[in-house]
Amino acid sequence: MREERNVSLAESTTLKLGGPAKRLVHVENESELANVVSDADARGEKMLMLGGGSNLVVGDSGFDGVAVKIAASKVTPEKKAGKIHVRVDAGASWDAFVARAVGEGWSGVEALSGIPGSVGATPMQNVGAYGQEVSDTIARVYAFDRKSSQFAEFYRAECAFKYRGSRFRGDNCFVITAVEFVFDESPLGAPIRYGELSRALGVADGERAPAEKIRETVIALRRGKGMVIDAADPESVSAGSFFMNPIVDSETLAKIEIAAGAKPPSFDAGEGKFKVAAAWLIEHAGFKKGEPSGSVGISKKHALALVHRGGGTTEDLLVLARAIRDGVKSKFGVVLEVEPILVGCAL
Ligand code: EPU
């Protein structure tokens, strides 16, 4: 265990923004984690669990409590009833785990390649991309329950997974310590369910392709959108998508089409609802990629990513985000919800 005091959280976020944490504690394993968390809770000190910081916006005044980072990153596979169950410690790098899964023939996470962050953070917002969500392959989530100061386990059905959400998001009671995935063994990935990806692979929707090929293709697609962290690419200094894609009814969808004078890209979200591309709404509300061109702006590569080009503040970023939210609301009557987790700041 190692403790730092008054350390900037900017370096712990992919946005490279945010003020200092009163304390930053690095723990090696879940028993150290339990000690730090119980101790902070007993003293009424605020606690922030840090993953890769890729979905995190920290306010300029920082965090007046203890921020905790876990290093544990063991990957433990086990064969059970013809499937591979893999328990992964929370501190493991998500993309290193996906690379290993693809290499081992653990099928079902290959379309989630190139996503920054740690494994422990993925169940929080049910990380998803290119037609897959982590909830498709999660069997169980292991957590530390701050109320009872005990370890707890949640089977998939108990996790309340939904689009970019779960029972863990917004509920500070649980600190995720490990995730168990369940996979079929195959060199092929799961059936392709994303138009852009099936086109890039040259397969029909619902067909399968080699997982290695899917991984390569997804990384190339993400790179084109500035969604792969790359020190040489200032357009990748972001928290990924800043807003969620709104889910609207057919009446709202028709109103959007009238207001924009064009049909928005939308996907069936079940129960008569549609998921609309927030990036498209943003552009059709008059915001342009690459603008403004100062220290923060909309990415040149994707309208849903807000980027920090250096020398900016979280407040600068939030001013821009508020303008986008308000512009989309006044044009389309749709309120965009923030996708990353905001700490010590608000929209
Ligand atoms: N579009 C625009 N302008 C743009 C970019 C996209 O109008 O600048 C339109 C296009 O019509 C495109 C549609 O938006 O067809 C959808 O774009 P894209 O396929 O890039 O996906 P997205 O809906 O913007 C979501 C996730 C991403 C994930 C991709 C791929 C959310 C909030 N975002 O983005 O996840 O990588 O799909 O599956 O659901 C993240 O959560 O941080 C993230 C990057």
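List residues of the stretch 170-184, by number, whose backbone nitrogen lies under 16 Å from a label position 7 Å along Cα→C-beta of Asp41.
Those under the cut-off are 170-178.
Taking neighbour Cβ counts within 10 Å as the exposure measure, how do Val86, Val319 sort from fewest upward?
Ranking Val86, Val319 by Cβ neighbours within 10 Å, fewest first, gives Val319, Val86.
With θ taken as phi - 60° and the coefficients 6.51, -1.76 and 1.60, list the Karplus ³J(HN,Hα) couplings across the stretch 273-284 in order, rounded to whole Hz; mark glycine and proline as x.
10, 9, 8, 9, 5, 4, 4, 5, 4, 4, 5, 7
On the principal axes of its Cα set, how long, how wide and how thick is the chain? Give whole Å, largest value first.
Rounded to whole Å, the extents work out to 57, 51, 40 Å.
Quick check: Cα centre of the stretch 83-98 to Cα centre of the stretch 261-307, how many Å?
Going from one Cα centre to the other spans 32 Å.
Can you compute the modelled spin-label distance between Cys173 and Ser73, with each label point 7 Å from Cα toward Cβ, in nm?
3.2 nm
Quick one: compute the contact order of the stretch 34-92, relative version, from alpha carbon pairs under 8 angstrom and 6+ residues apart, as a percent.
Computed over the stretch 34-92, the figure is 27 percent.
Need the list of aspartates and glutamates near Lys329 for cross-linking: C-alpha distance under 15 angstrom, and skip anything on the same chain fewer than eight residues off.
Glu257, Glu283, Glu337
For the stretch 150-217, calculate the relative contact order in percent as a whole number, restricting contacts to Cα pairs under 8 Å that are 6 or more residues apart.
Reported relative contact order: 22 percent.
Students often forget the sequence filter, so: which lysines lie under 28 Å Cα-Cα from Lys16 once same-chain residues fewer than 8 apart are removed?
Lys46, Lys69, Lys74, Lys225, Lys288, Lys289, Lys300, Lys301
Given a cut-off of under 8 Å on Cα pairs at least six residues apart, what relative contact order in percent is computed for the stretch 102-200?
37 percent
Nearest 5 percent is fine: what portion of the DSSP beta bridges confined to the chain is antiparallel?
80 percent
Among DSSP beta bridges whose residues both lie in the stretch 8-93, state the antiparallel percentage, nearest 5.
40 percent
If packing is taken as the average number of other Cβ atoms within 10 Å across a peptide's residues, how do 237-247, 181-191 rank, most packed first?
Output ranking for 237-247, 181-191: 237-247, 181-191.
How many angstrom separate the Cα center of the stretch 4-40 from the Cα center of the stretch 181-241?
Here the answer is 31 Å between Cα centres.
Where a number appears in this text, it was derived from the coordinates with a stated rule and is not lab data. Predicted, not measured: the structure shown is a model, and the values here were computed from it. Backbone-built Cβ (ideal geometry, glycine too); neighbour counts: all protein chains shown.
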